[in-house]
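Have a look at the structure below before the remarks.
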Amino acid sequence: MSDAFDFDLFVIGGGSGGVRAARVAAGEHGARVGLAEDDRYGGTCVIRGCVPKKLMVFASEYAGMPAEAAAYGWDMQVGAFDWTAFRGKMNAELDRLEGVYRKMLAGSGVETFDLRATIKDAHTVALSDGTTKTAKHILIATGGHPVRPDMPNAELGIVSDDIFHLETLPKSILIIGGGYIACEFACILNGLGVEVTQYYRGAQILRGFDDEARGLVSESMCQSGVDLHLGTNILEMEKSGDRIKVKSTNGSELTFEMVMFATGRDPSSANMGLEDVGVSLGRKGQVEVNEYSQTGVPSIYAIGDVTDRVNLTPVAIREGMAFVQTVFAGNPTPVDHDLIASAVFTQPEMGTVGLSEEEAREQEEIEIYATSFKPMQTSFAGKPDRVLMKLVVSKASRVVLGCHIVAPNAGELIQMVGIAVKAGLTKEQFDATCAVHPTMSEELVTMRNPVRTA
Ligand code: NDP
């Protein structure tokens, strides 16, 4: 690599994508790598997203367990939830993980700068301590951030970043939005004993997911106590003593202890000097890149949420790996964004891969294999919970085009089904697999007849 520059690669952003690219470029390809991060290492996923969220999911799921255990003969008492104790343990875990990220970078020989970086020219970054660094390649991996709607007093509402720092949990909260974050936190906070009201402006939450699957999640959320109002949005909000008064489109005027906006996330690309050096930004501020994550300025690449392609941690990591292959291994590697499995950590969880029934039937003739039933474990305890196992199958090729699961641990299940769907297996190949009994997911290989064709 050229010594004309201070570094072969300078990465801006120490989240999942940036850290992976930096340490693989340095550790496996011997590149001289610098990385700047002005906040905590680990980014959204580790510090204010997936990881603390999942710990909160676990915490919230214990609430229902004593009652369920009683049905199995256990005498268990429900105690109070101690947010302060849990938050302390959660923060200690995040500190540990941040330490792991820092150690991995140092171990790979990456030089880190705990500073904000902006782009000065195609090969130069300016750091907030006034110094500049030159690099043959620059990688932007600055992620995204939650946004509030443009309305008066919106700052009275919190966003997902704030949840993890609350001194105390509110008694009541209004959550605005119907996406991943709104639904996950509605379930978490409901489980932790907060009175949750959720307003979603559309006809059904989790827009874009399979209709039948999101219908069941919505129904289950209502059943477990979330006061979900569809076709409803916030109109005005103002402080009312120590509460927040909210006028909504359904004509109601209610007060809540707290309001949370889960109304989407925007790419973090502002004030970085990107447009000045010729990098194009899209309408939401996303850095525009080609299939190799390269911007219009050949030495500048971007990966992860700042590019607003598929905003998921494992995707950012793969984009980082593909970038390193392309630039440092001489092996141009386009990023494969097809058939990415994902999970929404609602209660029950939803796992999904491939096309929804609605998307697939626009494309070709399909058969739907689906079953919804009360799973053994909770049914025994007299709970009304239902699960859904669903396959969307091409009538012509028999290929399984999509799989949608609503069930406890659907995230774990869809990871495995994702392999089969990604491999392009047919319904008959699913059926050739012997069932594991008694499980919920055995239904995925035992559904004989389609419930409908479309
Ligand atoms: P989403 O884009 O998924 O959802 C935003 C929600 O807010 C939508 O329901 C949208 O409604 C609504 N909304 C947007 N603007 C307004 C407004 N002005 N007034 C009222 N409602 C509004 O964003 P999230 O923040 O939930 O999540 C961001 C991304 O983060 C996800 O897309 C996902 O990629 C990732 N993520 C993944 C997780 C996982 O894998 N489990 C967990 C959390 C996040 P409408 O549908 O009508 O547009």
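Readers should treat all values here as calculations from the given coordinates under stated rules, not as data from a laboratory. Only a predicted model underlies this, so the values are computations on that prediction, with no experimental measurement involved. When we count neighbours, we look across all protein chains shown, and the Cβ atoms used for this are built from the backbone with ideal geometry, even at glycine.
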Report summary line: Restricting attention to segment 69-88, the residues that are within 17 Å of Val194 (Cα to Cα) and not in a helix (DSSP H, G or I) number exactly 5
Query raised in the report: Is it fair to say Glu238 is more than 16 Å from the ligand (Cβ to nearest atom) and on the phi < 0 side of the Ramachandran plot?
Result: yes
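Looking only at segment 50-67, which residues are more than 13 Å from Asn91 (Cβ to Cβ) and within 16 Å of the ligand (Cβ to nearest atom)? Before you say what the answer is, go through the steps one by one.
Taking segment 50-67 and keeping what is more than 13 Å from Asn91 (Cβ to Cβ), we get 50, 53-54, 57-67.
Those that are more than 13 Å from Asn91 (Cβ to Cβ) and within 16 Å of the ligand (Cβ to nearest atom): Cys50, Lys53, Lys54, Val57, Phe58, Ser60, Glu61.
Could you please find all residues in segment 436-449 being assigned to a loop (DSSP other than H, G, I, E, B) and closer than 14 Å to Leu413 by Cβ?
Here is the first cut: in segment 436-449, the ones assigned to a loop (DSSP other than H, G, I, E, B) are 436-440, 446-449.
If the condition is that a residue be assigned to a loop (DSSP other than H, G, I, E, B) and closer than 14 Å to Leu413 by Cβ, then Val436, Thr439, Met440 are the ones that fit.
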**Report entry** Residue that is surrounded by the most Cβ atoms within 10 Å (Cβ to Cβ), among those in segment 217-255 that are under 27 Å from Gly144 (Cα atoms) and touching a residue at least 60 places away in the same chain (Cβ under 8 Å)
**Finding:** Val217
Query - Residue satisfying all of: in segment 191-216; surrounded by 24 or more Cβ atoms within 10 Å (Cβ to Cβ) and within 16 Å of Glu257 (Cα to Cα); farthest from the ligand (Cβ to nearest atom) among these - result: Val196
Query raised in the report: How about segment 256-288: which of its residues are β-branched (Val, Ile, Thr) and either surrounded by fewer than 16 Cβ atoms within 10 Å (Cβ to Cβ) or within 16 Å of the ligand (Cβ to nearest atom) (or both)?
Result: Val259, Thr263
Query raised in the report: Name the helices (runs of 4 or more DSSP H) wholly within segment 338-433 that hold at least 2 residues that are more than 16 Å from the ligand (Cβ to nearest atom) and touching a residue at least 40 places away in the same chain (Cβ under 8 Å)?
Result: 357-363, 376-380, 410-422
Requested in this report: Restrict the check to segment 390-399 and report whether at least one residue is among the small types (Gly, Ala, Ser), in contact with a Gly (Cβ under 6 Å, 6 or more places away or on another chain) and over 17 Å from Gly215 (Cβ atoms).
Outcome: no
